[in-house]
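Scroll down for the structure; my scribbles are underneath it.
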Amino acid sequence: MVSSLSQERPEAPTATGGAVERDPFFDNAKYLAIVLVAVGHSWEPLPDSGRVVEALYSFVYVFHMPVFIVIAGYFSRGFDMSPKRVWRLFTGILVPYVIFEVAYTLFHRAVEDAAFPLTPTDPYWILWFLPALFLWRITTPFWQLVRWPVPLALAVAAFASMSTGIGDDLQLMRVLQFLPFFVLGLRLRPEHFAYLRRTWVRVATLPVCLVALLVAYWSVPRMSTSWLFKSYSARDLGEPVWTGAAMTLLLFAAALVLGACFLAWVPRRRLWMTALGAGTLYGYLLHGFFIRGARYLGGYDAPFLETQSGRIAVTLAAALLVTALCTPPVRRVFRCVVEPGMRWALRRDETGTSP
């Protein structure tokens, strides 16, 4: 897989032409971020979750996917249209997407709706990230050429948020609105992440996060969380057109600040979570079966989940679940569908080697 969720090393070359060595910081960041993703998804079906949980949900959703996407962009800095990288793009993104789109469709038919259609152009729930990553990465050479890539990407996102003609195919609205984070990742360098290690930055994150939590609590009855999903235009949400551009800039700034706060506290050294961070794609693609299964089979109907203890239990269960799904045994079992090499499909050249 060629995304920030995979086990792949950064593609940006070193000065000597070799690959950049794997940095434990990024694996730790990916693991902690995937835990937030799973926890956020586990909160969605909670009955009467309460204002505190909704505030935490909004707080997390401001930055957890932007962090993933920024790291995906950072790891895409060396992408070009060479045959090797195009092949890895195909086997690492499109093939798993097709496999899991079929798998989730069959799963949904089995547990919820027997007539649920297979719609490859309309990704099932969490699967939107794979075609989005494919489209972002395939356009990397363009973003590497233009003079002001991040402002241009922000303009594209703002325009999308004010538009009404963008359909649901491949979740294109989300692709365009999350695009600035990927492009930002392309522009980042190691020294930008190193800057977050400074003591004063870490200290400053504490009051910033406190204020952000208070704002999230205040906003719960006043702002739709649909803004955070970036799946809708301003008109879709019943708001004036100009609010689309305003929310694009506001949420981009908020995601940068909170994402920096998150990364400032990610451990830099190798820990127990580092190996798990190398398998976050597995946790991402597989945890949806458990969350949706629990929802459709009545697991969220238990009165216990309406209590504070029940909400804490769901949070811990989601964190433990996604952790287990990132472990080496799970990766060995599902590697054939998550990271299919498919070398058998490669054409051999005259020397007998694959291109």
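The values are calculated or read from the model by the stated rules, or taken from the named source; none is laboratory data. Keep in mind that what you see is a predicted model, and the values were worked out from it rather than measured. Don't worry about glycine lacking a Cβ; one is built from the backbone with ideal geometry, like all the others, and counts go over all protein chains shown.
Considering each residue of segment 247-255 in turn, none proves to be in contact (Cβ under 8 Å) with a residue 60 or more places away in the chain, surrounded by fewer than 17 Cβ atoms within 10 Å (Cβ to Cβ) and among the polar types (S, T, N, Q). Of the residues D301, D349, the single one that is modelled with pLDDT under 90, exposed (fewer than 14 other Cβ atoms within 10 Å of the Cβ) and among the acidic types (D, E) is D349. Applying the condition of being among the acidic types (D, E) and at pLDDT below 90 to segment 46-96 and asking which residue is nearest to L184 (Cα to Cα) yields D80.
Might you let me know whether segment 232-239 holds any residue that is farther than 21 Å from V208 by Cβ, of a type in the set (F, W, Y) and surrounded by fewer than 20 Cβ atoms within 10 Å (Cβ to Cβ)? Checked against the condition, which is being farther than 21 Å from V208 by Cβ, of a type in the set (F, W, Y) and surrounded by fewer than 20 Cβ atoms within 10 Å (Cβ to Cβ), segment 232-239 yields at least one hit. Could you say whether any residue in segment 310-330 is surrounded by 19 or more Cβ atoms within 10 Å (Cβ to Cβ), under 18 Å from V67 (Cα atoms) and modelled with pLDDT of 95 or more? Within segment 310-330, one or more residues are surrounded by 19 or more Cβ atoms within 10 Å (Cβ to Cβ), under 18 Å from V67 (Cα atoms) and modelled with pLDDT of 95 or more. From the list V208, V215, the one residue that fits, being part of a helix (DSSP H, G or I), touching a residue at least 12 places away in the same chain (Cβ under 8 Å) and under 24 Å from the mean Cα position of the chain (by Cα), is V208. One residue stands out in segment 185-208 among those that are touching a Phe, Trp or Tyr at 6+ places or on another chain (Cβ under 8 Å) and of a type outside the set (V, I, T): the one that is nearest to T140 (Cα to Cα), namely L186. Can you pull out every residue in segment 28-47 that is in contact with a Ser or Thr (Cβ under 9 Å, 6 or more places away or on another chain) and charged (D, E, K, R)? Once the filter is applied, which keeps residues that are in contact with a Ser or Thr (Cβ under 9 Å, 6 or more places away or on another chain) and charged (D, E, K, R), segment 28-47 yields only K30. Does L179 fit the bill of being surrounded by fewer than 18 Cβ atoms within 10 Å (Cβ to Cβ) and aliphatic (A, V, I, L, M)? In short, no. Among the residues of segment 278-289, the ones that are among the aromatic types (F, W, Y) and surrounded by 19 or more Cβ atoms within 10 Å (Cβ to Cβ) come to 2 in all. Just one of (1) outside any helix (DSSP H, G or I); (2) closer than 24 Å to S161 by Cβ; (3) not aromatic (F, W, Y) fails for A246. It is (1).
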